[in-house]
């Protein structure tokens, strides 16, 4: 991979040398811009105990444009749809080059702790969340048990 | 991080602070954004700029900043960071080179080995980390070479290591060499990893070469184009001249032929008279006395007529002479020097001053003649360079000899002369008093005489002829005035004559060749072009005789007169308006409105006293402050109604007789809400964002604010009309500074009802100092630079100037409301052209107010009393 920007090298080194608790991101051997990410479900959230696999891709323009992140593990969350796409402002218009892979992953972890049904991606989930939060949370827990526990990374 | 062990805690922190948050590297050319965040110039800040909107969003705080005109490199350097970066690096590390190697090594977790290895290679005794097999021990060994193996102290077969020049035993040496081998391997792989960068460099160089080639190709075609254009111009000129000569010859021939015919008639009648008289005498014996007397009288009469011919009293009309005064020498020298190639190194071009910066984009063409003009050493130099800069389009004019002045022409010439007469008398009345201003004037004239000589250098016989003709003209004029004593032909007068005569001669030309292009006036007008750049010029006594001939032509004389009185400090400036002969925006072809819309009323496309107008730089929409309808109407650039917003009131988004309006680079609309004594800001869609200001005289308080303008950094300039000052605010309404105070007359920085303000792209603030009938120009910090215009109706004079707009070449368009016309000046205040008159027809105005310039150069004029907008 000719001309991998120094910034990506540095970020990769730092992610490995000084990992964020509950998050691991490992670059693909074939493509240093492609990361396999595991995020642990935050405690005191319906996702607690689950391990969520994500894929993260740094586009050519990175860091001038946002990385592309997608959940590979099914998750019941108002801001994440069936395909794993994430509705998060810093991945869209609020991206800033001062953000890094680690900050993005931290934000995603925070999103798991604090779902925002008022700005939904999956409207069904969001409506369920707004109508009856308790059963929605239970549903999320159920999903976590079903998909995010003891799972292998998917391809 | 390996070196963090060696570093103290604070040093590590300093290193972190010296890291750009975008590239995560040490800062390279750290630039400070207005929000106080710092990033590397390249590629971090450069990559952040939105090329379309020229806005940069800070990665840290997401504040939007407008990129300075010169590009992101014009953001200020963060000097603190730079001085930190220049600190001597710790442990002899060379920061930049090392950082690269170091981070790689860190990835392999071998750096401690490597760094001590390096110092060993350098032969310096240092403390070695335990990681290196031999290092620690060899340090203990100290002097080395004493007892046995430098590593294990075994006495045995020792061999000298060719690498580190130490005596080692067999096994230690083997281990040591293994270490060296792995190290070499590592180094090789490191080198290999850097190789792509070299490849990239190769590619870059290749690309650069291609770019350069392209640029040179386009430059060549540019050269060809320009030369082609000038050839075309010359051809056109040739045709015009030929036509002029033809028409001249036709006219002259016609005159001669008429005269010839008259003479023939005369001859015939004389001959027949002779015949009849003879026959009468011979035939009739008895002539009455009366008849005889009558015959005698007729004879005498005819005799007298013939004698007139004989004496030459009734001479045939002398055919007027015509010759070509072509300063071809100048043209030739201009051609041979035409077009310098300016070669700048890439980086210096970026960091060069504004002057060079704006020029790099246009590296070829007439403007580089400015190199000679930039710092005129003497007036002579100056004149010369003006000549050469103009001579690109210079074509020889026909000097008409003995030109008869048309009646109107004669009058103007008299008037013009009359004030110079007063000049003379003024001096004669008080000969002993050496008048400083007078001296300045004399200086001027002698300078311009020199210039004239330089200009006339093309041919001495020509200039002789010119001066002869001038003298004739002058005498003629003296006669017509009947007031000039003959003693005025003294040396003093001849001294100042070149300056005075040439305008006259120009005028003669102007009227005898009314259709000739003013640009092509020959060298003869050059002296009138010259004015001492830094010398106050005395205002000539003026006669308000309207010379406002409607044809828009460049009057080089106008500004010199108009700037009289005011102190003129023309800064060497690179605004194209100072030297282009024809602005991109064809002001002298304006005069008929292309688009007119609006009438009195309060519906769509109806106005009640429209005042300020503004054009959005983003979408070219026209914003009209419909003053007495208390609203803003928005049109597209062809006058199609888009929307309106605002109504009467004191609340947010409500107006009370709004006046000035402007749109900044972000599309925000800034409006002076006149009777509410405040400024309101709206977003692009016309939604209220904020308001600031209240009635009063303190800083940040306003008293009937009128015009508003924005500079390219987003600062807001407000004409605080009744406080007679300009106030500057940040885009959020924070007071920044104020300048100017009440004063009548022509003192610098004194205002009397400043109405409108405009900021040029080279950061000069033009204020229409309305009741002082002038435009004052300031730096953005409020330092007075110069002013132009005085009260009057002549070219370059103005009455109650109002709206100002500045085009992208720096031409200043002024709404001369008292004269109901639009005048156009160059950036230094020299008059360029004008259009408009009083009335309600197309191209006429009643109470002209705001001005704005569309992206295509069309001028939007708010015609207040006609309740309409006109676009020229």
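Where a number appears in this text, it was derived from the coordinates with a stated rule and is not lab data. Not measured: the values here are computed from a predicted model. Heads up, the Cβs are rebuilt from the backbone with ideal geometry, glycines too, and the neighbour counts pull from every protein chain shown.
Remarks
- Counting only other chain Cβ atoms within 10 Å of each residue's Cβ, the peptide A:62-70 averages 2.
- Ranking of B:202, B:342 by count of other Cβ atoms within 10 Å, fewest first: B:202, B:342
- Most mobile listed residue (A:109, A:100, A:16) in chain A, GNM with C-alpha springs under 10 Å: A:16
- Counting only other chain Cβ atoms within 10 Å of each residue's Cβ, the peptide B:51-61 averages 2.
- Take every DSSP beta bridge whose two residues both sit in region B:716-871; close to 90 percent of them are antiparallel.
- When chain A is treated as a Gaussian network with alpha carbon springs shorter than 10 Å, the biggest mean-square fluctuation among A:99, A:56, A:15 belongs to A:99.
- Averaged over peptide A:16-22, the number of partner chain Cβ atoms lying within 10 Å of each residue's Cβ comes to 1.
- Judged by the mean number of other Cβ atoms found within 10 Å, the most tightly packed of the peptides A:112-118, B:235-241, B:614-620 leads the ranking B:614-620, A:112-118, B:235-241.
- Compared with the dominant principal axis of the Cα atoms in chain A, helix A:6-17 is inclined by about 60°.
- Within the listed set A:126, A:140, A:30, the Gaussian network model of chain A (springs between alpha-carbon atoms below 10 Å) gives the highest mean-square fluctuation for A:30.
- Helix A:101-113 and the longest principal axis of the C-alpha atoms of chain A enclose an angle of approximately 0°.
- Among A:130-138, B:754-762, sorting by the average number of other beta carbon atoms lying within 10 angstrom of each residue, highest first, gives B:754-762, A:130-138.
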